[in-house]
Amino acid sequence: MTNKNQNIGEQELVITKIFNAPRELVWKAWTDPERVKRWWGPKGFTSPVSEIDFRVGGAYLN
């Protein structure tokens, strides 16, 4: 089976999740470093560092 959207040498991963929460709250959960620390990773893991810079050339470190 051929995927017409896939270019040779290029890989893409798409993850879809539907949240039963207001869009604004979901956005904060993904963009506020203190909130990200609370949920990032599998149960039992921690994320002691979370740095998010959405400027062009910025980084997302968790």
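If you take the residues of the range 35-56 that are aromatic (Phe, Trp, Tyr) and under 18 Å from Leu25 (Cα atoms), which of them is nearest to the chain's Cα centre (by Cα)?
Checked the range 35-56; the qualifying residue nearest to the chain's Cα centre (by Cα) is Trp40.
Condition first: part of a loop (DSSP other than H, G, I, E, B), surrounded by 10 or more Cβ atoms within 10 Å (Cβ to Cβ) and touching a helix residue (DSSP H, G or I) at 6+ places or on another chain (Cβ under 9 Å). Now tell me which residues in the range 24-48 satisfy that.
The one that is part of a loop (DSSP other than H, G, I, E, B), surrounded by 10 or more Cβ atoms within 10 Å (Cβ to Cβ) and touching a helix residue (DSSP H, G or I) at 6+ places or on another chain (Cβ under 9 Å): Ser47.
Coordinate-derived values only; no laboratory data. Please read all numbers here as calculations on a predicted model, not as lab measurements. Positions of Cβ are generated from backbone atoms using ideal geometry, with glycine treated the same way; all protein chains shown enter the neighbour counts.
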